[in-house]
1. Looking at (1) within 24 Å of residue 2 (Cα to Cα); (2) under 12 Å from the mean Cα position of the chain (by Cα), which one does residue 61 not meet, given that it meets all the others?
2. What is the residue count in region 17-36 for residues that are within 22 Å of residue 62 (Cβ to Cβ), part of a loop (DSSP other than H, G, I, E, B) and open to solvent by 40 Å² or more (accessible area, probe 1.4 Å)?
3. Among the residues in region 32-47, are any of a type in the set (Val, Ile, Thr) and closer than 18 Å to residue 84 by Cβ?
4. Can you pull out every residue in region 1-16 that is of a type in the set (A, V, I, L, M) and either assigned to a strand (DSSP E or B) or open to solvent by less than 30 Å² (accessible area, probe 1.4 Å) (or both)?
5. For region 50-64, how many residues meet the condition of being at pLDDT 95 or above, open to solvent by 30 Å² or more (accessible area, probe 1.4 Å), on the phi < 0 side of the Ramachandran plot and in contact with a strand residue (DSSP E or B) (Cβ under 9 Å, 6 or more places away or on another chain)?
6. Let me confirm something: among 17, 22, which residue is in contact (Cβ under 8 Å) with a residue 24 or more places away in the chain and within 12 Å of the chain's Cα centre (by Cα)?
Amino acid sequence: MTNPKGVKIGDETAISFDVALFTHDFVNNVHVDTVIGSRCFIGARAMIMPGVTIGDSVIVGAGSVVYTDVEPNTVVAGNPARVV
């Protein structure tokens, strides 16, 4: 019901504890793919919203809320997540 097949994670990517990867939006009845590239690090308690694509070699800071796509070779942090 929550579209677990919609989660795509690249090689050598590390995902810390309590990270939420969303692939659904029940309000709008949408199920989409959420993609995380290769060689990424997703910090503790980060939230990746539905339909977001995170490029290769990206670092997402702990507690960040990512709701837009992230370009490769970028570090993002905050709520909402922004390039740092």
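1. (1)
2. Initial filter on region 17-36 (within 22 Å of residue 62 (Cβ to Cβ)): 17-23, 34-36.
Applying the additional criterion that residues be part of a loop (DSSP other than H, G, I, E, B) yields 17-19, 22-23.
Those left that are additionally open to solvent by 40 Å² or more (accessible area, probe 1.4 Å): 17-18, 22.
So the count comes out to 3.
3. Yes, because at least one residue in region 32-47 is of a type in the set (Val, Ile, Thr) and closer than 18 Å to residue 84 by Cβ.
4. 7, 9, 14, 15
5. Residues meeting the conditions: 3.
6. Among 17, 22, only 22 is in contact (Cβ under 8 Å) with a residue 24 or more places away in the chain and within 12 Å of the chain's Cα centre (by Cα).
The values are calculated or read from the model by the stated rules, or taken from the named source; none is laboratory data. All of these numbers come straight from a predicted model, not from anything done at the bench. Counting neighbours? That spans all protein chains shown, and the Cβs are built from the backbone with ideal geometry, glycine included. Note: accessible area is taken over every heavy atom of the protein model, side chains too, but ligands, DNA and RNA are not part of it. Shrake-Rupley method; radii C 1.70, N 1.55, O 1.52, S 1.80 Å.
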